[in-house]
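Please read the structure below before turning to the comments.
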Amino acid sequence: MSQWLPIEEIAEKVRSGELKAVDLVNMALKTIEDKNEYNAIISTTKDRALQRAQQIDSGEKKGRLVGVPFIAKDNFLAFGAETTAGSNMLKGFVAPYQATAIEKLEAEGAICVAKANLDAFAHGSSTENSDFGVTHNPYDKTRVAGGSSGGSAAAVVLDMAPFALGSDTGGSIRLPASFCGCVGYKPTYGLVSRSGVVAMASSLDVIGPLARTVEDTALILDVLAGRDELDSTTIDRDPESYTILAPAKNLKIGVIKEYMGEGLDDGVKNQIEVSIAKLRNSGAEIIEISLPSLPLSLAVYYIICPAEVSSNLSRYDGVRYGHTDKSAKTVEENYIKSRGQGFGAENKRRIIIGTHVLSSGYYDAYYKTAQTVRTKLINEFNEAFKTVDFLIGPVTPNTAFEIGSHHNEPMLDYLTDIMTVAANLVGIPAISLPIGSVNGLPVGLQLMGKQHSDRQLLALAKQTEELSK
Ligand code: GLN
């Protein structure tokens, strides 16, 4: 049982004076302290959080999230603590402004209490690439929490706050949600502003909530969604509230053939099949759908993502902000030393791969080919959504793996993303829902919808959540 009520109820009770924002913030901070050994949190924003809570308690209690504590992945620019993106490169960096997402949540009265651990610059699937140490899985401390939003997912499951924010470039919200056993939502590309979030791969990056229930998730999305003049990639939101979770009738759902075959753990497969059967019994029409280019999506992702990473990370030059090696005597030495010390092995690997696939001799062979296949993938998904309303399948082939078991094998980490990257390449909304466990470890179910179908997708997720109770 969670110590947190549904988010809407918390805000209601703060408004009516039954609950005090200060007590809620203290409850979050105490849980963070008590469960420190999981290393889900990089820093707390204690002083600022308590100050905001006091202001709320002594003033007008306005806003849909009034007094509700939350945790932001540490790649969100937020006041009250450093913003490190999990990297030595940004240690000591104090944000001069806040991410739009944080501003929107604060405008509704929510209170950021801490910054969550992540793989440095969100490069990874296990939080093992964090320069602040690995996050441990709440169900088994010897296993990873997933990544890169491992800290956010673990924090929600460890009950540190009612919800957390994450970023998802190739699965980083859904994968840790699946490994830790909470809901993780990746919105349609552009639905939520990324202004003030440390960029990873700009054509793939989205941000979204991790929470305990679909209802809480939908409420947070409703606050976050919509155009932002500070992010020109943002799109119009649904005119209706994302919190309308009415189940649709006559749904047609496609089981993704390519995700249900070889390489999928038997226990995970079984859980997914149970969920599919429940949806069928509840009246949905279930058919198998094949997306022939899907097996290429991982290769496409690991070309396009590093290409964009190499470009986005070029701003960390040791001159303007971030880590600087002060002993350097020339500009070139400063670049080499500052970047050499500030970036971790995975960051460097991506910069090298990215600059290679963009270099004039290899551009056509790698980058251009990858973009061509990306378009093919988009066309195949568009075709599929002419036949079915939603797609269903696993989030990952396995449950959480042991800490250290992928050591020095980046390919094993990359393979973890095999079922999540497509949604980013295609820009569609996708959710990871906890549906059960295998050998005591949580299993997530993935549902995907066409672009802009976020509201309908959340409604289906709600229905599926009820069925798996
Ligand atoms: N695991 C993927 C990667 O390392 C996805 C990361 C993410 O979504 N931030 O690229």
*Give me the number: length gained by fully extending R227 to L5, i.e. 0.36 nm times residue separation minus the C-alpha to C-alpha distance, one decimal in nm.*
76.9 nm
*Between E273 and S311, what is the label-to-label distance in nm when each label sits 7 Å out along the Cα-to-Cβ direction?*
4.4
*Would you mind getting me the FRET efficiency between D265 and D140? Use the beta-carbon distance for r and R0 = 22 Å, nearest 0.05.*
0.90
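If you keep only loop residues by DSSP, which GluC sites (Glu not before Pro) in segment 1-67 have at most 12 other Cβ atoms within 10 Å of their Cβ? Intermediate results must be reported in sequence, preceding the final value.
Numbers: sites: E8, E9, E12, E18, E33, E37, E60; in loops: E18, E60.
Those satisfying the criteria are E18, E60.
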*Residue-averaged 222 nm ellipticity for the chain, from DSSP H runs of 4+ at -39500 (n - 2.57), nearest 500*: -11500 deg cm²/dmol
*Once you have the alpha carbon radius of gyration of the chain, what is it after dividing by 2.2 N^0.38 Å, with N set to its residue count?*
0.93
*Distance (nanometres) between label positions extended 7 Å along Cα→Cβ at K20 and E409*: 5.3
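Pick out, in residue order, every one of the trypsin sites (Lys or Arg not before Pro) in segment 42-114 that is DSSP loop and has at most 13 other C-beta atoms within 10 Å; say none if there are none. Mind dumping the intermediate values first?
Values: sites: K46, R48, R52, K61, K62, R64, K73, K91, K104; in loops: K61, K62, R64, K91.
Here the trypsin sites (Lys or Arg not before Pro) that fit, given the DSSP loop and packing criteria, are K62.
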*Which value in nm describes the separation of the simple spin-label points at S359 and V438, placed 7 Å from the Cα toward the beta carbon?*
4.1
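Looking only at Cα atoms, what is the convex hull volume of segment 1-124 per residue, in Å³?
On the way: hull volume 14.1 nm³, N = 124.
Per residue, the Cα convex hull of segment 1-124 comes to 113 Å³.
Segment 167-268: which GluC sites (Glu not before Pro) are DSSP loop and have at most 14 other beta-carbon atoms within 10 angstrom? Don't jump to the answer; show the numbers that get you there.
Details: sites: E215, E229, E240, E258, E262; in loops: E229, E240, E262.
Listed in order of number, the matching sites are E229, E240, E262.
Which helices of the chain meet both criteria: a Cα extent of 27 Å or more along the helical axis and a mean Kyte-Doolittle score no lower than -1.0, with helices taken as whole DSSP H segments?
Values: long enough: 369-387 (28 Å, -0.57).
Long hydrophobic helices here: 369-387.
When DSSP assigns beta bridges and you keep just the ones with both residues in the chain, what percent turn out antiparallel, to the nearest 5? Before the final figure, lay out the partial values.
On the way: 33 of 49 bridges.
If we restrict to bridges inside the chain, about 65 percent are antiparallel.
Once the piece of chain linking I286 and T369 is laid out straight, how much longer is it, given 0.36 nm per residue of separation minus the C-alpha distance between them?
On the way: separation 83, 0.36 × 83 = 29.88 nm, distance 3.37 nm.
Answer, rounded to one decimal: 26.5 nm.
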_Restricting to Cα pairs below 8 Å that are 6+ residues apart, what does the relative contact order work out to for segment 250-327? Please round to a whole percent._
38
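Can you give the extra length, in nm with one decimal, that the chain gains between E332 and R48 once fully stretched, where that is 0.36 nm per residue apart less the Cα-Cα distance? If you can, show how the numbers build up before the last one.
Working: separation 284, 0.36 × 284 = 102.24 nm, distance 3.96 nm.
Length gained, E332 through R48: 98.3 nm.
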*Residues of segment 179-222 with amide nitrogen under 20 Å from the 7 Å Cα-to-Cβ point of E466?*
183-184, 212-220
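Every number here is computed from the coordinates shown, using simple stated rules; none is lab data. Computed from a predicted structure; not experimentally measured. As a convention, Cβ positions derive from the backbone with ideal geometry for all residues, glycine included, and neighbour counts pool all protein chains shown.
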